Amino acid sequence: MGGNTSERRSNLPAELSSFVGRRHELTSVRTGLATHRLVTLLGPGGIGKTRLAFRTAADQERNLADGAWVAELASVQVPELVPEAVVGALGLRSTERGSPTDRLVAHLRDRQLLLVLDNCEHVQEAAAALAAELLSSCPGVQILVTSRHALALPGELVLSVPPLPMPGPGQAGSPEALMHYDAVRLFVDRAKASWSSFQVTAANQDALAELVRRLDGMPLAIELASVRVRSMTVEQILDRLCNRFTLLTRGNRAALPRQQTLQALLDWSHDLLEPRERLVWARGSVFSGGFDLAALEAVACDDDLPAAVLPDVVDGLVAKSVLVREPVEIAGMARFHMLESLREYGDARLAETDGAATYAARHRGWYAGLAAAAAGEVFGPSQVDWFARLRADHDNLRAALDRLAHDPADAVEGLQMATALQHHWVMVGRFGEGRTWVERLLTQLPTRRDDERTELSVVRAAGLEVAGRLAVLQGQIDVGRPLLEEALAEATAAGSSTWRAHALHGLALASAFWGEPAAALPLLEEALELHREGSDPFGVPLALVQLATVHATLGDQEQAMAYAEECITLSEAASERWCAALARWVQALAQWQLGRGQKARTYARDVLQLKEPFGDRMGMAMSVEVVAWTESDAGRSAKAARLLGAVQAALGSIGASLFGHLHEDHDHCLARTREALGDAAFDRAFDEGATGRFDDAVAIALGRRTPTPTAADTGGEEVRLTRRESEIAELVAEGLTNREIAERLVMARRTAEGHVASILGKLSFTSRTQLAAWVAAQRQGQ
């Protein structure tokens, strides 16, 4: 699922540094999950809860049919958006009726997976309510929580995450003995990464033992201290740390000692920075999630922090572990983020200054401008880059909207931003979140004076239209249609042709896809004419696509092809892909209806290639569906059955279903394929498609990969492995080499090689990757 459980088993982030120690804690968490469906890892910031949870999830993933998934809640400041954040983490699109919680329950009800809810303390009640609902309604779901507070739910197992083991006074002994302590090993591991020449010696072992003790075995504190070995000895670090700890007497005596220690270390680390580095730390704390250099410059730079010096300052902060460079570049730009504890510290520092409101205002202004720029440029050659950029900055967009929604005086600007993101909400499948912001801001619009009526009417019309259209796309016609009718009246009164066109378009969608296609035609025709004079570059091509779809539904394939071709011509002239893919899909449908199966398959494959950069599972599933029809029609029934299974799983994972006008062809294909294969072989092939990776189904539909021979292709004869072969197949699926398998099972390497070759031959496979996929499918079928 571009994040859905039918194609990936996890969204766990890659470990950027080695995982040190925690053997006992890992065992405790695994044991806890074996007997409890809700386990909470408790502890202060910086204790290592998240790393422990992620490592546990990575270990558990292979044993769960639908893997392990992480929902990061640190950036969610509005409790009501906790379910939406989980929806987004699972890669689901808000395309069906009901609340986000209802959609999650529907998606997870029959799945077996581990869900990690990370950083829950600031949204404790909302996280607890969601966890309670999922646990009661989804018997195969386990939840692992990281928080500074327990959720206080029945059946919750609370595990306190302790500091790393460290030597007591006088226990250094020798450098070798010291390395038995996890706190020391973590320091050494990170110190070597910062300065490869670092060694534990007889000369520094006592200072190192004392240092990790003074740091209370806190992983974050140890990591922050370890980077200083590039410029200081261990003894110097210890001396400075001892001096700074005297500040604890001025701290919060009600806080836990380890929290005081972390505060002291952060104070100490802050004081070691250059003045401009401190400014970036504080001012950069207004960001939520990641950011790039351009955003940081716009928000943080002034006379005290000139833009010319910013790259060097950022480089210094990365070297000192205050900023973390993210492994993925977006639109050719490097991105950075702060660990949450450091961001909170920087935010507290910023709050002490007179300019805190200034930088928050700059942040919201930058992202409001980003949304407006994207709205004007996303229909063009930079479309894929804009899509990736807005997706990467989603947490910052959310934070900016939250700031704008706090003061009614900012409601107009906030609503303009939320409606400028109208295509973003659709492309990333955040229908529910988009509606939440728009509806919240609509309630805060000021009362209109006569001289402001036109401007406020346009803003209000835009908000009503976007909220209504998103509701329609979720299938909530009874909610969406009245909003769209009100938007139409408001836009008409204000003389806004752009938003009148959008309102007509939204009302046409309500008719077209939910039973009244003929009624949509006049609405779309008027919308198209208005869009030709309007300001939204997406307006004309989207209206053309919908007109083509409605004509195809009504059986007028010639007119459908003409409208689709006009859209494609516009898209090609602008080097645009999204609308072109939608239009090409309509052409595939029209060609199929004309009995031109090969042409329909060619067009559907074009759509898949155009959609791949967006990860649009809805559009891609619709195209795989058309390919399945053509494969069945050509007599390749087993392949068609696999593709049909993949489509069902992909649509189910995003809470969607086939458009109503496709059901007749879908049902006909199902019946013909089942008759050709027989019930047993059809069910096997269908299930293989449903339990496999959706990316594999796309590759098969595109002709990039030949389907692996299965029981459906061999007359239904089931392949059975011996107990030893099954054991070795499992190890291959874990990624072990032949040599590692031989060592694990205490056999000769040549014997292991023989077993693997025999298994591949018996299953008609040509690669270990195919075998690993087969093992995964067998686990899911058990």
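The values are calculated or read from the model by the stated rules, or taken from the named source; none is laboratory data. Bear in mind that the values here come from a model prediction, so they are computed numbers and not experimental data. Cβ atoms come from the backbone with ideal geometry, glycine included; neighbour counts cover every protein chain shown. To get the accessible areas, we keep the full protein, side chains included, count just its heavy atoms, and leave off ligands, DNA and RNA. Shrake-Rupley method; radii C 1.70, N 1.55, O 1.52, S 1.80 Å.
Does the stretch 313-327 hold any residues that are out of contact with any helix residue (DSSP H, G or I) (no Cβ under 9 Å at 6 or more places or on another chain) and of a type outside the set (A, V, I, L, M, F, W, C), and which are they?
Here is the first cut: in the stretch 313-327, the residues out of contact with any helix residue (DSSP H, G or I) (no Cβ under 9 Å at 6 or more places or on another chain) are 315, 318, 327.
Within the stretch 313-327, ASP315, PRO327 qualify.
Restricting to the stretch 425-445, what's the tally of residues that are outside any helix (DSSP H, G or I) and either among the basic types (Lys, Arg) or in contact with a Ser or Thr (Cβ under 8 Å, 6 or more places away or on another chain) (or both)?
The number of residues fulfilling the criteria is 2.
Out of everything in the stretch 361-413 that is open to solvent by 20 Å² or more (accessible area, probe 1.4 Å) and touching a strand residue (DSSP E or B) at 6+ places or on another chain (Cβ under 7 Å), what residue ends up being farthest from LEU350 (Cα to Cα)?
The extreme case among them is ALA388.
What number of residues within the stretch 131-151 satisfy the criterion of being touching a strand residue (DSSP E or B) at 6+ places or on another chain (Cβ under 8 Å) and open to solvent by less than 20 Å² (accessible area, probe 1.4 Å)?
Residues that pass the stated criteria total 9.
Just to be sure before I move on: is ALA461 in a helix (DSSP H, G or I), out of contact with any strand residue (DSSP E or B) (no Cβ under 7 Å at 6 or more places or on another chain), under 20 Å from LEU404 (Cβ atoms) and not aromatic (Phe, Trp, Tyr) in the structure I sent? Even if it seems obvious, please write down each step before you answer.
Details: in a helix (DSSP H, G or I): yes; out of contact with any strand residue (DSSP E or B) (no Cβ under 7 Å at 6 or more places or on another chain): yes; under 20 Å from LEU404 (Cβ atoms): yes; not aromatic (Phe, Trp, Tyr): yes.
Criteria met by ALA461.
Return the pairs, sorted by first residue and then second, in which the second residue is open to solvent by 20 Å² or more (accessible area, probe 1.4 Å) and outside any helix (DSSP H, G or I), the first residue lies in the stretch 571-585 and is more than 13 Å from PRO613 (Cα to Cα), the beta carbons are less than 8 Å apart, and the residues are 6+ apart or on different chains.
Taking only residues 6 or more apart or on different chains, the pairs are SER571/ARG577; ALA574/PHE379; ALA574/PRO381; ALA574/PRO537; SER575/PRO381; CYS579/PHE379.
Quick one: LEU224 ticks every box in (1) in a loop (DSSP other than H, G, I, E, B); (2) open to solvent by less than 60 Å² (accessible area, probe 1.4 Å); (3) at pLDDT below 90 except a single one, so which number is it?
Going through (1) in a loop (DSSP other than H, G, I, E, B); (2) open to solvent by less than 60 Å² (accessible area, probe 1.4 Å); (3) at pLDDT below 90 one by one, LEU224 breaks only (1).
Give the residues of the stretch 641-664 that are open to solvent by 30 Å² or more (accessible area, probe 1.4 Å) and at pLDDT 90 or above, sorted by residue number. Full working, then the answer.
Our first condition is that a residue be open to solvent by 30 Å² or more (accessible area, probe 1.4 Å); within the stretch 641-664, this holds for 648, 652, 657, 659-661, 663-664.
Those that are open to solvent by 30 Å² or more (accessible area, probe 1.4 Å) and at pLDDT 90 or above: none in the stretch 641-664.
Could you grab me the full set of residues in the stretch 742-761 that are open to solvent by 50 Å² or more (accessible area, probe 1.4 Å) and within 12 Å of SER726 (Cα to Cα)?
If the condition is that a residue be open to solvent by 50 Å² or more (accessible area, probe 1.4 Å) and within 12 Å of SER726 (Cα to Cα), then HIS755, SER758 are the ones that fit.
Does ALA418 count as in contact with a Pro (Cβ under 9 Å, 6 or more places away or on another chain) and open to solvent by less than 20 Å² (accessible area, probe 1.4 Å)?
Answer is no for this residue.
Checking GLU176 against (1) assigned to a helix (DSSP H, G or I); (2) at pLDDT 90 or above, only one condition comes out false. Which one?
If we test GLU176 against (1) assigned to a helix (DSSP H, G or I); (2) at pLDDT 90 or above, just (2) comes out false.
Based on what the data block shows, is GLY645 outside any helix (DSSP H, G or I) and more than 21 Å from ARG391 (Cβ to Cβ)?
Here the answer is no, as GLY645 does not meet what is asked.
In the stretch 84-167, which strands (runs of 3 or more DSSP E) lie fully inside it and hold 3 or more residues that are touching a helix residue (DSSP H, G or I) at 6+ places or on another chain (Cβ under 6 Å)?
Ranges flagged: 113-118, 141-147.
Would you check which residues across the stretch 41-68 are more than 19 Å from LEU186 (Cβ to Cβ) and touching an Asp or Glu at 6+ places or on another chain (Cβ under 6 Å) and list them? Even if it seems obvious, please write down each step before you answer.
Just the residues of the stretch 41-68 that are more than 19 Å from LEU186 (Cβ to Cβ), to begin with: 42, 57, 59-68.
Selection gives GLY67, ALA68.
Got a sec? Which of ALA487, ALA494 is over 23 Å from ALA373 (Cβ atoms) and open to solvent by less than 10 Å² (accessible area, probe 1.4 Å)? Explain how you work it out, then say what you get.
Details: ALA494 fails: open to solvent by less than 10 Å² (accessible area, probe 1.4 Å).
Only one candidate passes the filter, namely ALA487.
For the stretch 34-60, what are the residues that are surrounded by fewer than 20 Cβ atoms within 10 Å (Cβ to Cβ) and under 26 Å from ALA772 (Cα atoms)?
ALA34, ARG55, ALA58, ASP59
Considering only residues that are of a type in the set (A, V, I, L, M, F, W, C) and open to solvent by less than 60 Å² (accessible area, probe 1.4 Å), which ones fall in the stretch 180-207?
Correct list: ALA183, VAL184, LEU186, PHE187, VAL188, ALA191, PHE198, VAL200, ALA207.
Mind checking which residues of the stretch 337-365 are of a type outside the set (A, V, I, L, M, F, W, C) and touching a Lys or Arg at 6+ places or on another chain (Cβ under 7 Å)?
We begin by selecting, within the stretch 337-365, every residue of a type outside the set (A, V, I, L, M, F, W, C); these are 337, 340-341, 343-347, 349, 352-355, 358-359, 362-365.
Of everything in the stretch 337-365, those that are of a type outside the set (A, V, I, L, M, F, W, C) and touching a Lys or Arg at 6+ places or on another chain (Cβ under 7 Å) turn out to be TYR359, ARG364.
How many residues are over 30 Å from LEU339 (Cβ atoms) and buried (at least 23 other Cβ atoms within 10 Å of the Cβ) if we restrict to the stretch 61-93?
1
Among the helices (runs of 4 or more DSSP H) confined wholly to the stretch 527-597, which include 1 or more residues that are more than 25 Å from LEU507 (Cβ to Cβ) and open to solvent by 30 Å² or more (accessible area, probe 1.4 Å)?
557-573, 578-593
Mind listing just one residue for me: the one in the stretch 672-706 that is of a type in the set (Lys, Arg) and more than 11 Å from ARG642 (Cβ to Cβ) and, of those, least open to solvent (accessible area, probe 1.4 Å)? Don't jump to the end; show me each part of the working.
Taking the stretch 672-706 first, the residues of a type in the set (Lys, Arg) are 672, 674, 684, 693, 704-705.
Still in the list and also more than 11 Å from ARG642 (Cβ to Cβ): 672, 674, 693, 704-705.
Numbers: ARG672: 64, ARG674: 85, ARG693: 111, ARG704: 141, ARG705: 110 Å².
Residue satisfying both the conditions and the ranking: ARG672.
Looking at ALA748, ALA711, which one is closer than 19 Å to SER632 by Cβ and either among the aliphatic types (A, V, I, L, M) or at pLDDT 80 or above (or both)?
None of the other options fit; the residue is ALA711.
Look through ARG244, ARG240 and report the one residue that is among the basic types (Lys, Arg) and modelled with pLDDT of 65 or more.
ARG240
Can you tell me which of (1) in a helix (DSSP H, G or I); (2) open to solvent by 20 Å² or more (accessible area, probe 1.4 Å) is the one TRP514 doesn't meet?
(1)
Could you tell me whether any residue of the stretch 292-311 is in contact with a His (Cβ under 9 Å, 6 or more places away or on another chain), modelled with pLDDT of 95 or more, open to solvent by less than 20 Å² (accessible area, probe 1.4 Å) and not acidic (Asp, Glu)?
Yes, the stretch 292-311 has at least one match.
Which of the residues belonging to the stretch 612-637 are in a helix (DSSP H, G or I), touching a residue at least 60 places away in the same chain (Cβ under 8 Å) and surrounded by fewer than 24 Cβ atoms within 10 Å (Cβ to Cβ)?
Within the stretch 612-637, GLU612, PRO613, PHE614, MET618 qualify.
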